[in-house]
Amino acid sequence: MARVISVEMERFPIAGTFTISRGSKTEAEVITVTIADGGRSGRGECVPYKRYGETMEGVSASIEAMRDRIVAGIDRTALLAAMSAGAARNAIDCALWDLEAKLTGTPVAAAIGVLPPKPLETAYTLSLAEPEAMAAQARANAARPLLKVKIGGDNDMARIRAVTEAAPESRIILDANEGWTDENVETNLAFAAQHGVALIEQPLPAGEDEILRRIAHPVPICADESVHAAKDLDALVGLY
């Protein structure tokens, strides 16, 4: 029996406005792919990302373009060769993993040879705003052990001070979403270290990562937008 595939686009309102260095949004856009076969269904989701030129309509069209091959039984390995990395491939890939696990009775963790997942501490994210507003967000969530703070503007040192003072018991991750520059990255890193920040995510624009090779890292730095696919990792060795 041939597979059956469905593609659903959904929009979920956000409480208020969520802002990062590149802009704001008031809803979360999600595409869900469901692939049914042998009495089982696998589901995968994706969020089209404007940073990479993706839209709900464009990603949905990319998934639909693969419909015949999915119905015909394409596997995960062939999918990686057939599609570029991005939201559309991610949703299909996750649906195929889920379907395979249900058809075989083998959990995904066992299939890839890792330990079963356990509960993990996750970060609660604070939206980018003026320092006073971010302090209020931090104060309201100060009981949370880990806060991820969106920054990436002209007044980031004031934001860092406001948040760390408002939530002194929380560990703080800063996420600049490529919002810092060669001119301010060292100063901001030093200030973050002085205020006990645990980690800084993607301070500089993707493609400008080499700047990190010649400056001190008083706070650990991790990549986000600079790693779109596994092939991007080698170029970042020694930078993050």
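The values are calculated or read from the model by the stated rules, or taken from the named source; none is laboratory data. Predicted model, so just to flag it, every value in this text is computed and none were measured. Glycine gets a Cβ as well: all are built from the backbone with ideal geometry, and neighbour counts include every protein chain shown.
Restricting to the stretch 188-217, what's the tally of residues that are more than 18 Å from residue 146 (Cα to Cα), more than 24 Å from the chain's Cα centre (by Cα) and part of a loop (DSSP other than H, G, I, E, B)?
2
Condition first: among the charged types (D, E, K, R) and at pLDDT 95 or above. Now tell me which residues in the stretch 51-74 satisfy that. It would help to see each step written out before you state the result.
Residues of the stretch 51-74 that are among the charged types (D, E, K, R), as a first pass: 51, 54, 57, 64, 67-69.
Scanning the stretch 51-74 gives 54, 57, 64, 67, 68, 69.
Being without any contact (Cβ under 8 Å) to a residue 40 or more places away in the chain, more than 30 Å from residue 25 (Cβ to Cβ) and not in a loop (DSSP other than H, G, I, E, B) is the filter here; which residues of the stretch 55-88 pass it?
68, 69, 76, 77, 78, 81, 82 - these are the residues of the stretch 55-88 that are without any contact (Cβ under 8 Å) to a residue 40 or more places away in the chain, more than 30 Å from residue 25 (Cβ to Cβ) and not in a loop (DSSP other than H, G, I, E, B).
Do we have residue 95 as small (Gly, Ala, Ser), in contact (Cβ under 8 Å) with a residue 60 or more places away in the chain and within 19 Å of residue 10 (Cα to Cα) here? Please lay out each step first, then the result.
On the way: small (Gly, Ala, Ser): yes; in contact (Cβ under 8 Å) with a residue 60 or more places away in the chain: yes; within 19 Å of residue 10 (Cα to Cα): yes.
Yes.
Would you point out which residue out of 149, 185, 197 is more than 22 Å from residue 124 (Cα to Cα), surrounded by 15 or more Cβ atoms within 10 Å (Cβ to Cβ) and modelled with pLDDT of 95 or more? Write out each step before concluding.
Working: 149 fails: more than 22 Å from residue 124 (Cα to Cα); 197 fails: more than 22 Å from residue 124 (Cα to Cα).
Within the list 149, 185, 197, the selection yields 185.
Quick one: would you say residue 176 is closer than 23 Å to residue 223 by Cβ and either in contact (Cβ under 8 Å) with a residue 60 or more places away in the chain or surrounded by fewer than 23 Cβ atoms within 10 Å (Cβ to Cβ) (or both)? Don't jump to the end; show me each part of the working.
Working: closer than 23 Å to residue 223 by Cβ: yes; either in contact (Cβ under 8 Å) with a residue 60 or more places away in the chain or surrounded by fewer than 23 Cβ atoms within 10 Å (Cβ to Cβ) (or both): yes.
Judged against the criteria, residue 176 is a match.
Working carefully through the options 36, 28, find the one that is under 23 Å from residue 108 (Cβ atoms) and either surrounded by 12 or more Cβ atoms within 10 Å (Cβ to Cβ) or at pLDDT 95 or above (or both).
36
Against the definition (over 22 Å from residue 225 (Cα atoms), part of a helix (DSSP H, G or I) and modelled with pLDDT of 95 or more), how does residue 136 come out, yes or no? Give the derivation first.
Values: over 22 Å from residue 225 (Cα atoms): yes; part of a helix (DSSP H, G or I): yes; modelled with pLDDT of 95 or more: yes.
Taking the combined requirement at face value, the residue satisfies it.
Failed condition for residue 125, given (1) under 30 Å from residue 166 (Cα atoms); (2) part of a helix (DSSP H, G or I); (3) of a type outside the set (A, V, I, L, M, F, W, C), with all others met?
(2)
Given 223, 230, which one is within 16 Å of the chain's Cα centre (by Cα), surrounded by fewer than 15 Cβ atoms within 10 Å (Cβ to Cβ) and free of Cβ contacts under 8 Å to residues at least 40 places away in the same chain? Before the answer, list the steps.
Details: 223 fails: surrounded by fewer than 15 Cβ atoms within 10 Å (Cβ to Cβ).
Just one listed residue meets the conditions, 230.
If residue 226 passes every condition in (1) in contact with an Asp or Glu (Cβ under 7 Å, 6 or more places away or on another chain); (2) of a type in the set (S, T, N, Q); (3) not in a loop (DSSP other than H, G, I, E, B) but one, which one does it miss?
Every condition holds for residue 226 apart from (3).
List the residue pairs whose Cβ atoms are under 6 Å apart, where the first residue sits in the stretch 38-50 and is under 27 Å from residue 1 (Cα atoms) and of a type in the set (Val, Ile, Thr), the second is modelled with pLDDT of 95 or more and part of a loop (DSSP other than H, G, I, E, B), and the two are 6 or more positions apart or on different chains.
none
Filter the stretch 1-43 for residues that are part of a loop (DSSP other than H, G, I, E, B) and under 16 Å from residue 71 (Cα atoms) and give the result.
Across the stretch 1-43, the qualifying residues are 1, 2, 3, 38, 39.
What is the residue count in the stretch 160-194 for residues that are out of contact with any strand residue (DSSP E or B) (no Cβ under 6 Å at 6 or more places or on another chain) and basic (Lys, Arg)?
Residues in the stretch 160-194 being out of contact with any strand residue (DSSP E or B) (no Cβ under 6 Å at 6 or more places or on another chain) and basic (Lys, Arg): 1 in total.
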